[in-house]
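The values are calculated or read from the model by the stated rules, or taken from the named source; none is laboratory data. Given the structure is predicted, the values throughout are model-derived calculations rather than measurements. No Cβ is skipped: glycine too gets one built from the backbone with ideal geometry, and neighbour counts run over all protein chains shown. Each accessible area value is taken on the protein alone, full model and side chains, heavy atoms only, with ligands, DNA and RNA left out. Shrake-Rupley method; radii C 1.70, N 1.55, O 1.52, S 1.80 Å.
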Amino acid sequence: MKPKVGLMLGGGGAKGGYQLGVIKALQEEKLLDNIDCIAGTSIGAINGLLIATLKDADKIFETWVYAQEKQKEVKGFTRFKEDKRGLYSLDVLRDVFRKTIDLKKLENSPIDLYVVTSKLINPKLIASQIRTSNYEKCVFRINDAQDAMDKVIASASIPLYFGPTQIGLEFHVDGGVVDNNPIDVLIDAGCEVILTVPLDHGFDPSIYRHKNVMIINLTDLSVFQKVSILDAYDIIRFDHTHINEKANYGYFVAKDVISKLRDLNLLKKGLIESNPVNKVPRPKTSKRLPHFYTEGAISDYLSSSIDDGDFFALRNRTIVLLLYSTGMRRAELASLCLSDWDRGRRVMRVRGKGDKEREIPVTRELESMLSRYLNEMTELYSDNTESRLFLTDTGQPLYLSFVNKVVKDELSKAPGFTGKRSPHMLRHSIATHLLNNGADLNSIKEVLGHSSLAATQVYTHNSFEQMKKIFLTAHPRAKKGG
């Protein structure tokens, strides 16, 4: 079975010419047709858009040349004089996109395209563009987004150099400020093989060694400067000679890597057949028991008050309660639509792994919270065209890292939550609490959407550990050391 293949395109301004050469090599080796997802930051977001719409390396290169010629017609420092937000205007890039790209092709593309931006928390001050603490990472899937162009341009809006780009009521700048190499986005999307084209020395694939993914790096980082000031100069060198030089490097390095993969029988002509990582024998290790939160910690958190009029606090509380009450996975929550809640039957329809659908009962507590949340949500997001149950602060469909952040932030505010604070810990917790309160394994299996009872039985160990602790505490002989 063919694995899901992702392409990560890092940020780096004019250094993105290197990616043009890689794209050319992938097309010649008929590997572009294997790509299922692209995640791009900054110039990588632009190149991702060009791949998904033009699908041809030569046309992509021609678009770059056209953009360079148009840029020469514009005098520098115009934007600085206009609004003091940045030195140059991105209107040229927007105009080039309009003339060369058909966004309808993006909607129909078999490639899911994700772009990363950095949202300015306080956009009023120029200095805010250089404070990393003033940024929040945003990930957008833009295939069917009405403002796809704005999001790509926002991802490439180098702070101060171009200034922020407005999306709705918010301002965003270059995604590289928060994540210059968005591999996590592709892992969250389920990619098993990830081709990476980073453009900076900050790239470190070893941090993903515990993941069941194969990462194929197509970049020779010796091509790029290590000294910050020299690297910064390379980022803004959008001249033909420099871009051609980087493209040639990218082409030959990618061809060499692909050739070596074939020599190792990891790749056939035009086809990535499987994830070789799955074929590597792994040492047997003892299974770790799933960690969980105490019922007391959950109860104290859910009993705490929410500020009246704070819609986002209400939304976040509802997300945490829904994850805990139903035991659903974060991806299942992110995909929920308004119609998935059957109020009459008091159930939530969930689409799980393998697109299998199941129904989970909705408690009175969750029903009350959902009703309160939806009353406010429908007023705030009247243009919820996809009828999603939850949206981000900017009105976009939820993405997985956003759900992670909501849970982490919410549980960090409350006492009693030790260790990792994540959606999956909430899932472990409700499974353990249900078992401790008398629910049978088969019922828990159906609620969690496990394909086999074996996956659910791991929670019996937690219950056994609790029973053993009670036993040793209460047993008259155990108290005396007998």
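Look at (1) modelled with pLDDT under 90; (2) buried (at least 20 other Cβ atoms within 10 Å of the Cβ) and you find that THR53 fails only one, number (1).
Please find, within region 167-182, the residue that is farthest from GLY16 (Cα to Cα) out of those that are touching a Gly at 6+ places or on another chain (Cβ under 8 Å) and open to solvent by less than 10 Å² (accessible area, probe 1.4 Å).
Going through the qualifying residues, I end up with VAL173.
For the condition of a type outside the set (Ser, Thr, Tyr), in contact with an Asp or Glu (Cβ under 6 Å, 6 or more places away or on another chain), on the phi < 0 side of the Ramachandran plot and surrounded by 14 or more Cβ atoms within 10 Å (Cβ to Cβ), what is the one hit in VAL223, VAL213? Checking each option against the conditions leaves just VAL213. Would you check if there is a residue in region 293-313 being of a type in the set (D, E, K, R) and open to solvent by less than 10 Å² (accessible area, probe 1.4 Å)? No - not one qualifying residue is present in region 293-313. Step by step: first the residues of region 226-269, then only those that are open to solvent by 70 Å² or more (accessible area, probe 1.4 Å) and polar (S, T, N, Q), then the one that is farthest from the chain's Cα centre (by Cα). Which residue is that? The qualifying residue farthest from the chain's Cα centre (by Cα) is THR241. Candidates GLY17, GLY11: the one that is under 26 Å from ASP144 (Cβ atoms), in contact with a Gly (Cβ under 8 Å, 6 or more places away or on another chain), touching a residue at least 60 places away in the same chain (Cβ under 8 Å) and of a type outside the set (A, V, I, L, M, F, W, C) is GLY11. Selection of region 150-165 for residues being open to solvent by 30 Å² or more (accessible area, probe 1.4 Å) and at pLDDT 85 or above yields only ASP150. Please work out if SER118 is under 22 Å from THR394 (Cα atoms) and modelled with pLDDT under 80. The answer is no for SER118.
Considering region 344-367, and only residues there that are assigned to a helix (DSSP H, G or I) and in contact with a helix residue (DSSP H, G or I) (Cβ under 8 Å, 6 or more places away or on another chain), the residue that is most open to solvent (accessible area, probe 1.4 Å) turns out to be GLU365. If you go through region 325-343 and keep only what is in a helix (DSSP H, G or I), open to solvent by 40 Å² or more (accessible area, probe 1.4 Å) and over 22 Å from LEU435 (Cα atoms), you end up with ALA331, LEU338, SER339.
Matching residues to (1) in contact with a helix residue (DSSP H, G or I) (Cβ under 6 Å, 6 or more places away or on another chain); (2) modelled with pLDDT of 85 or more; (3) open to solvent by 30 Å² or more (accessible area, probe 1.4 Å):
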{"site": "THR78", "(1), (2), (3)": "no, no, yes"}
{"site": "LYS81", "(1), (2), (3)": "no, no, yes"}
{"site": "GLY86", "(1), (2), (3)": "yes, no, no"}
{"site": "PRO110", "(1), (2), (3)": "no, yes, yes"}
{"site": "TYR114", "(1), (2), (3)": "yes, yes, yes"}
{"site": "ILE130", "(1), (2), (3)": "no, no, yes"}
{"site": "VAL139", "(1), (2), (3)": "yes, yes, no"}
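When region 344-365 is filtered for residues that are of a type outside the set (Gly, Ala, Ser) and on the phi > 0 side of the Ramachandran plot, the ones remaining, listed by number, are ARG346, ASP355. If the condition is being in contact (Cβ under 8 Å) with a residue 12 or more places away in the chain and of a type in the set (S, T, N, Q), then region 385-402 contributes SER387, THR392, THR394, GLN396, SER401.
The residues listed here are TYR381, TYR324; of these, the one that is over 20 Å from the mean Cα position of the chain (by Cα) and within 22 Å of GLY309 (Cα to Cα) is TYR381.
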